[in-house]
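Below is one structure, written out as structure tokens; the observations come after it.
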Amino acid sequence: RSANAAEEHLRALERKGYIEMLPGVREVVRVTQPYKLANRAFKAEDTLVRFSNGVVIGGQEIVVAAGPCAVESAGQIETIAAAVAQLGARILRGGAFKPRSSPYSFQGLGEPGLHMMREAADRHGLLVVSEIMDASQLPLMLPLVDILQVGARNMQNYHMLRALGTVSKPVLLKRGLSATIEELLLAAEYIMDGGNHDVILCERGIRTFETATRNTMDIAALPVIKKLSHLPVFADPSQGTGRRDQVAPMARAAVAAGGDGLLIEVHHDPERALSDGAQSLYIPQFEQLMAELRV
Ligand code: PEP
Ligand code: MN
């Protein structure tokens with residue numbers, strides 16, 4: 001068997017040498033990983049995702065997206081947008097379409113929620129990130145959001161990933177609940193293969209045997225992904241831990257581990273939040289976290 005493997009290797013080297021001599025070929029790189037466009041081996045420099053208001057994701061600045069789990073009312077999103085903008089967030093997060101585990105839980109406000117969020121974000125100079133749950137929502141969402149969020153439950157919705165490959169808005173791609181890093185990078189590849197290279201990856205905790213936290217925040221995924229891929233990587237310690245007392249330590253850890261930005265759930269009244277109140281920071285807690293992140 002090893003003789004066969006050695007022979008196969010020699011044949012491959014021969015093919016590589018032959019192709020390298022063809023006119024117009026500068027270099028031949030053997031693909032050993034199944035994803036190519038997302039792979040750092042093919043593009044050494046970090047991908048920068050740029051926005052018209054000057055925000056750059058993947059560069060020197062740690063970009064913070066903050067806001068409620070879900071848009072609940074015009075007043076709620078306005079209060080939270082004003083607070084997080086003043087404290088240094090650059091992006092307003094909030095779901096209008098919520099993928100809830102139970103069909104009886106609050107499902108989001110839908111289209112009116114997107115409009116409320118856009119208006120609040122514009123009043124405070126924030127970009128908007130919101131989750132898309134189906135490719136059919138693209139015509140509605142494209143004019144209203146700056147970043148399309150693919151939720152953990154949809155990371156392997158390949159039909160939607162293909163559709164996102166054809167648009168010219170950045171995509172925040174969350175790691176699936178039980179997805180390997182390779183599967184995450186392959187999901188990014190689906191989007192990039194369609195021509196949209198503005199993909200921001202996001203570690204948001206994975207399912208393990210541990211029950212002390214809602215998910216297990218895989219901080220190690222950040223340096224691993226940074227090594228394998230040139231794409232920017234965010235961390236979401238809110239879904240990652242499910243507990244507001246664990247959000248700040250994991251946010252700091254994610255930045256120390258090389259994360260390019262954070263997605264943080266913040267609510268002015270978490271006790272009355274319609275979703276994920278237990279993991280939402282109070283505004284003063286967010287203020288303290290931002291001060292710590294600056295250090
Ligand atoms: C969210 O960001 O509120 C959310 C639903 O995230 P995830 O898809 O990571 O569970
Ligand atoms: Mn949430």
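If only the Cβ of Lys and Arg carry +1 and only the Cβ of Asp and Glu carry -1, the dipole of the chain around its Cα centre is close to 540 debye.
The distance between label points at Ala3 and Ala253 comes to 5.2 nm (points 7 Å beyond Cα on the Cα→Cβ vector). Please work out whether the chain counts as rounded, prolate or oblate from its C-alpha gyration tensor, where a ≥ b ≥ c are the square roots of the eigenvalues and a/c under 1.5 means rounded, while otherwise a/b larger than b/c means prolate and anything else oblate? Prolate, because a/c is 1.5 or more and a/b exceeds b/c. Exposed loop sites here mean trypsin sites (Lys or Arg not before Pro) with a DSSP loop assignment and at most 10 other beta-carbon atoms within 10 Å; the chain contains its longest site-free run at 31-295. Return the single residue from Leu184, Leu48, Leu13 with maximal mean-square fluctuation; model: Gaussian network over the chain, springs between Cα atoms under 10 Å. Taking springs between Cα atoms under 10 Å, the residue moving most is Leu13. If R0 is taken as 41 Å, the Cβ-Cβ distance between Ser178 and Leu22 corresponds to a FRET efficiency of 0.40. Note on the chain: dipole from Cβ charges, positive end direction compared against Ala179, Tyr104, Gly242; the farthest Cα belongs to Ala179.
Taking chymotrypsin sites (Phe, Trp or Tyr not before Pro) as exposed when DSSP calls them loop and at most 11 other C-beta atoms lie within 10 angstrom, the chain has its longest site-free stretch at 105-208. For the options Ile225, Ile264, Ile181, a Gaussian network treatment of the chain with springs between C-alpha atoms closer than 10 Å singles out Ile181 as fluctuating the most. A straight chain from Arg162 to Ala220 at 0.36 nm per residue would run longer than the Cα-Cα distance by 18.1 nm. Mean sequence separation of contacting Cα pairs (under 8 Å, at least six apart), scaled by the length of the range 215-295, corresponds to a relative contact order of 29 percent.
Each reported figure results from applying straightforward, stated rules to the coordinates on display, with no laboratory input. Only a predicted model underlies this, so the values are computations on that prediction, with no experimental measurement involved. Here the Cβ is made from the backbone with ideal geometry for all residues, glycine too, and neighbour counts use every protein chain on show.
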